[in-house]
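Below: the structure, in structure tokens.
The values are calculated or read from the model by the stated rules, or taken from the named source; none is laboratory data. Predicted model only: the values in this text are computed from it and were never measured. Methodologically, a virtual Cβ is constructed for each residue, glycine included, from the backbone with ideal geometry; neighbour enumeration extends over all protein chains shown.
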Amino acid sequence: MATVAIPSAKWTWESPYPTVRANDSLDADLQLVERCLGGQEAAWEDLVRVHTRRVYSICYRFTNSDSEAQDLTQDVFLRVFKNLKSFRAGEGLFIVWLTRLTRNLLIDHYRRTRMDRATESIEDQASALEENTAAIARTEGMLAGREASELLQGALQKLSPELRETVILRDLEELEYREIAQTLNVPEGTVKSRLNRGRAELARVLRRQKISI
Amino acid sequence: MTCAEIEILLADYVDGTLRGDERAALESHLPGCPACAQLAADIQAVTAFIERVPQAEPPAELMTRILHYAPTGRRAAAEERSSAAPSWIKRLLGGFTQTVLQPRYVMGMAMTILSFSMLARFAHIEPRQLRPADLDPVKVWQSIDDRSHRIYDRSMKYYDNLKLVIEIQSRLKDWSEQDPGTPGGQPASERRNQK
């Protein structure tokens, strides 16, 4: 029995994404970087405070593990501290540079832990039946935010790394297509194509788990 | 318009930023293409679902941990400077200083200096106190010139003396080889000449 209500294909709504990022935040990033390079201790703290949430969130959504996300976030900032001098303001936004750094570390981590995941997937298959029966209870009514977050986390892990990172950067971190294209070093058309495939795949995964989306 | 082109346009359509002819083309395509209509519906449903998902918040101690372990501020800048621009001494001497300044070499040099100073003390060689006047270039040059001439003279004298010693030694040898019965102790070489 299908529990997913498919809405009409025709609709209009206002975009939830800001089309132009505020210039103030860009200037603030550049000023922070300059102060950091000038050796100001407080600037490093500000830089970490402003960007920790975003980096952690990307890592957490990608790995689905709090401890791994924390370790990776720490590694990202270590790299930022070491390589900040290589960031050139004229060559792009700091947020793109930071996201690219995070993404590269995540891909390295993904390749390193590939063998571990292969052995874990057998256990996943065994517990899949339990999940499906438990999911029936979730289909009634609107899911709470936290539960939706857990379900999304599980579904994201079923996507390939390319589709997963694109969905995370656009739908969860709300980066612009241009920024994602620069981060992943692919054309904007490829970003949009991957994003749509990733969203469609997520819908299929959630539907298989009988989640009402 | 093909389905592949529609797929790319769908991202902007969902964002609400697709305008004009492209929007009209997409809206005319969807009713006649079930696959694209299904894709559009899935995309809309998933983006709406993700909107309900709250942001992932890092634990409060993470920032403290990052700042604790990361080389921040002046420390980072100092490390950067030391790694990026070595001092002129390091540049000049290159890897030589790194080798020489290893603990075992330093200890070896210290032991050598100590040994020489002990030998000098036993040999009653008193090191003269260096005065500022000794550092006068003219005086230093004169001293070097004087010492080199002395060393040359000594070596020449030693060579001449060596020749004399060898000659005396050969003469003594000849005498010792002379016939014991010969009166007057005539040398063997002279006897050979007489024959």
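Key figures for this structure:
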{"item": "Residue within segment B:46-55 that is surrounded by 13 or more Cβ atoms within 10 Å (Cβ to Cβ), of a type in the set (S, T, Y) and at pLDDT 85 or above present", "result": "yes"}
{"item": "Qualifying residue in segment A:33-42 (condition: free of Cβ contacts under 8 Å to residues at least 40 places away in the same chain, more than 13 Å from chain B (Cβ to nearest Cβ) and either surrounded by 15 or more Cβ atoms within 10 Å (Cβ to Cβ) or polar (S, T, N, Q) (or both))", "result": "no"}
{"item": "Segment A:76-104 - residue that is buried (at least 20 other Cβ atoms within 10 Å of the Cβ) and either among the hydroxyl-bearing types (S, T, Y) or over 21 Å from A:E34 (Cα atoms) (or both) and, of those, nearest to the other protein chains (Cβ to nearest Cβ)", "result": "A:T102"}
{"item": "Subset of segment B:48-63 [within 7 Å of chain A (Cβ to nearest Cβ), within 57 Å of the chain's Cα centre (by Cα) and part of a helix (DSSP H, G or I)]", "result": "B:I50, B:E51, B:L62, B:M63"}
{"item": "Counted residues, segment A:186-207 - those being more than 8 Å from chain B (Cβ to nearest Cβ) and in contact (Cβ under 8 Å) with a residue 40 or more places away in the chain", "result": "3"}
{"item": "Hits in segment A:52-66 (condition: more than 10 Å from every other protein chain (Cβ to nearest Cβ) and part of a helix (DSSP H, G or I))", "result": "A:F62, A:T63"}
{"item": "Checking A:T12 against (1) within 7 Å of chain B (Cβ to nearest Cβ); (2) modelled with pLDDT under 85; (3) outside any loop (DSSP other than H, G, I, E, B), the condition it does not meet", "result": "(3)"}
{"item": "Spans of helices (runs of 4 or more DSSP H) in segment A:144-195 with at least 2 residues at pLDDT below 90", "result": "A:145-156"}
{"item": "Test: A:R49 is without any contact (Cβ under 8 Å) to a residue 24 or more places away in the chain and within 14 Å of chain B (Cβ to nearest Cβ)", "result": "yes"}
